[in-house]
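Visitor: Let me give you the structure first, and then I'll get to my questions.
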Amino acid sequence: MSFNTFGKLFRFTTWGESHGPAIGCIVDGCPPNIGLKEKDIQIDLNKRKPGQSKFTTQRKEDDKVEILSGVFEGKTTGTPISLIIYNKDARSRDYETIKNKFRPGHADFTYFKKYGIRDYRGGGRQSARETASRVAAGAIARKVLEKKLGKKFKVIGAVTQLGILGCDINKWNDNNIRKNSFFCPDKSIVKLWEKYLLSIRKSGSSCGAVVEIRARGIPGGLGAPIYSKLDMDIASAMMSINAVKGVNVGSGMNSALLTGEENSDEISQKGKKIKFNSNNAGGILGGISTGQEIIVSFAVKPTSSILKSRKTIDKFGKNTSISVKGRHDPCVGIRAVPVGEAMLNCVLLDHYLLNKAQCGS
């Protein structure tokens, strides 16, 4: 009774462990005749891969993807697409000293309670290494949506808060996001973030982050009332990402602080063009897209593997302490940006296909 598959019509199943020989996924439900090459997937994987800066884990993985099935002469065939990514730089010996101890705040404890066995090598299946497979699936979804929705379609994410330090969302600039190590949309705050995270890492600790994902060029009408709401499935997708502890759509939790007139997104029409004066709804009303920009944000907790000593227990029930050495992200939220983009792409394609199946448009 394991749940390793996500989606309804566009579905993917991931497999593999952090320190196993490889990870990968099977993508099912991809429409045929979509141009797809390994380099199309590699673009997104390169955003997520480790070891790219001093602000992420120094594990060196090229994350080179291979397409094993479902593509012929550069186009999808409509059959399952099998993808594999080999692990090249796993150091299982780094985990020998903690193989019997549970990291506080980590899924070590709950996995052991559920299965009665634990792959301590980098966390096994519970490791964020699994998200490389999701990013590969999301890249395929992106290719389909780009063909179906055209040039106006775009999904882009950014880190909007690093630990206690936020940024000015009003200074959001897509071009700035890819030019710094934090996926930060506000270039004026980057230097301060650098100093802050280096001090966190030097102290042997970690910090959390808030990631915001925006989708543009999405038509109105995607989503289904009640049990397959678009925002419901988006929230589920984001909550499935490692270390995510909360999700907002549009104003989200802050909606509770607004009055009715402040929260309502007033509508007007000029000719055939509909205009919303605001977007507190995050582009979704009643579980169905409005045609506005879809905005979702999620909170990522601090990395649990830290040098600072913490009290814990071992698998034999004895009290002990733990200090985790090895290569870990001081803020796992940074590399969660391309993962959030991938999951949103997958949900949007799934609902696009569902809408075509029911409404034919």
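Results for (1) under 17 Å from Glu130 (Cβ atoms); (2) open to solvent by 10 Å² or more (accessible area, probe 1.4 Å); (3) assigned to a loop (DSSP other than H, G, I, E, B); (4) in contact (Cβ under 8 Å) with a residue 40 or more places away in the chain, shown as yes or no for each residue.
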position	(1), (2), (3), (4)
Thr312	no, yes, no, yes
Ser321	no, yes, no, no
Lys325	no, yes, yes, yes
Cys331	no, no, yes, yes
Val339	yes, no, no, yes
Ala342	yes, no, no, yes
Leu348	no, no, no, yes
Tyr352	no, yes, no, yes
Lys356	no, yes, no, no
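Visitor: On to the next question. Find all pairs meeting these conditions: Cβ atoms under 6 angstrom apart; at least six residues apart or on different chains; first residue within the stretch 62-82 and without any contact (Cβ under 8 Å) to a residue 12 or more places away in the chain and over 14 Å from Lys143 (Cα atoms); second residue surrounded by 13 or more Cβ atoms within 10 Å (Cβ to Cβ) and small (Gly, Ala, Ser).
Guide: Thr79/Gly70
Visitor: Continuing with the same structure: With the requirement that a residue be buried (at least 16 other Cβ atoms within 10 Å of the Cβ) and either part of a helix (DSSP H, G or I) or among the polar types (S, T, N, Q) (or both), what does the stretch 253-287 give you? Before you say what the answer is, go through the steps one by one.
Guide: At the first step, the residues of the stretch 253-287 found to be buried (at least 16 other Cβ atoms within 10 Å of the Cβ) are 263, 265, 276, 279-285, 287.
Once the filter is applied, which keeps residues that are buried (at least 16 other Cβ atoms within 10 Å of the Cβ) and either part of a helix (DSSP H, G or I) or among the polar types (S, T, N, Q) (or both), the stretch 253-287 yields Asn263, Asn279, Asn280.
Visitor: Let me ask something else. What are the residue pairs meeting all of these: first residue in the stretch 1-29, first residue more than 23 Å from Thr77 (Cα to Cα), second residue of a type in the set (S, T, N, Q) and surrounded by fewer than 17 Cβ atoms within 10 Å (Cβ to Cβ), Cβ atoms under 9 Å, and 6 or more apart or on different chains?
Guide: As it stands, the answer is His19/Ser92, since those pairs meet every condition given.
Visitor: Check whether at least one residue in the stretch 137-156 is surrounded by 22 or more Cβ atoms within 10 Å (Cβ to Cβ), of a type outside the set (S, T, N, Q) and part of a strand (DSSP E or B), and report yes or no.
Guide: So far as the stretch 137-156 goes, yes, one or more of its residues are surrounded by 22 or more Cβ atoms within 10 Å (Cβ to Cβ), of a type outside the set (S, T, N, Q) and part of a strand (DSSP E or B).
Visitor: Checking the conditions here, which among Trp172, Trp193 is without any contact (Cβ under 8 Å) to a residue 40 or more places away in the chain and closer than 18 Å to Ala299 by Cα? Lay out the reasoning, then the answer.
Guide: Working: Trp172 fails: closer than 18 Å to Ala299 by Cα.
Answer to the selection: Trp193.
Visitor: Inspect the stretch 64-71 for any residue being modelled with pLDDT of 95 or more, on the phi < 0 side of the Ramachandran plot and not in a strand (DSSP E or B) and give the result as yes or no. Break it down stepwise before answering.
Guide: Of all residues in the stretch 64-71, those modelled with pLDDT of 95 or more come to 65-71.
Add one more test, that the residue is on the phi < 0 side of the Ramachandran plot, and what stays is 65-69, 71.
Then keep just the ones that are not in a strand (DSSP E or B); that gives 68-69.
Yes; the residues of the stretch 64-71 include at least one that is modelled with pLDDT of 95 or more, on the phi < 0 side of the Ramachandran plot and not in a strand (DSSP E or B).
Visitor: As an exercise: evaluate Leu192 against (1) of a type in the set (A, V, I, L, M, F, W, C); (2) surrounded by fewer than 16 Cβ atoms within 10 Å (Cβ to Cβ); (3) modelled with pLDDT under 95; (4) not in a loop (DSSP other than H, G, I, E, B) and give the number of the one condition it does not meet.
Guide: Every listed condition holds for Leu192 apart from (3).
Visitor: Quick one: which residue in Gly326, Gly287, Gly317 is at pLDDT 95 or above, more than 20 Å from Arg142 (Cβ to Cβ) and not basic (Lys, Arg)?
Guide: Working: Gly326 fails: at pLDDT 95 or above; Gly317 fails: at pLDDT 95 or above.
Of the residues listed, the single one that is at pLDDT 95 or above, more than 20 Å from Arg142 (Cβ to Cβ) and not basic (Lys, Arg) is Gly287.
Visitor: Going by the conditions given, is Asn242 farther than 16 Å from Glu341 by Cβ and either in a helix (DSSP H, G or I) or open to solvent by 20 Å² or more (accessible area, probe 1.4 Å) (or both)? Walk me through it before giving the result.
Guide: Numbers: farther than 16 Å from Glu341 by Cβ: no; either in a helix (DSSP H, G or I) or open to solvent by 20 Å² or more (accessible area, probe 1.4 Å) (or both): yes.
Spelling it out, it is not the case that Asn242 is farther than 16 Å from Glu341 by Cβ and either in a helix (DSSP H, G or I) or open to solvent by 20 Å² or more (accessible area, probe 1.4 Å) (or both).
Visitor: Sticking with this structure for a sec: If you go through the stretch 88-141 one residue at a time, how many are basic (Lys, Arg), at pLDDT below 90 and more than 20 Å from Ile23 (Cα to Cα)?
Guide: Of the residues in the stretch 88-141, 1 are basic (Lys, Arg), at pLDDT below 90 and more than 20 Å from Ile23 (Cα to Cα).
Visitor: All but one of (1) open to solvent by less than 10 Å² (accessible area, probe 1.4 Å); (2) more than 17 Å from Gly283 (Cα to Cα); (3) touching a Ser or Thr at 6+ places or on another chain (Cβ under 7 Å) hold for Leu222; which doesn't?
Guide: Result: Leu222 passes all but (2).
The values are calculated or read from the model by the stated rules, or taken from the named source; none is laboratory data. Note that this is a predicted model, so its numbers are computed, not measured. Cβ sites come from the backbone with ideal geometry, for glycine too, and all protein chains shown count toward neighbours. SASA here: full protein model, heavy atoms, side chains in, ligands and nucleic acids out. Shrake-Rupley method; radii C 1.70, N 1.55, O 1.52, S 1.80 Å.
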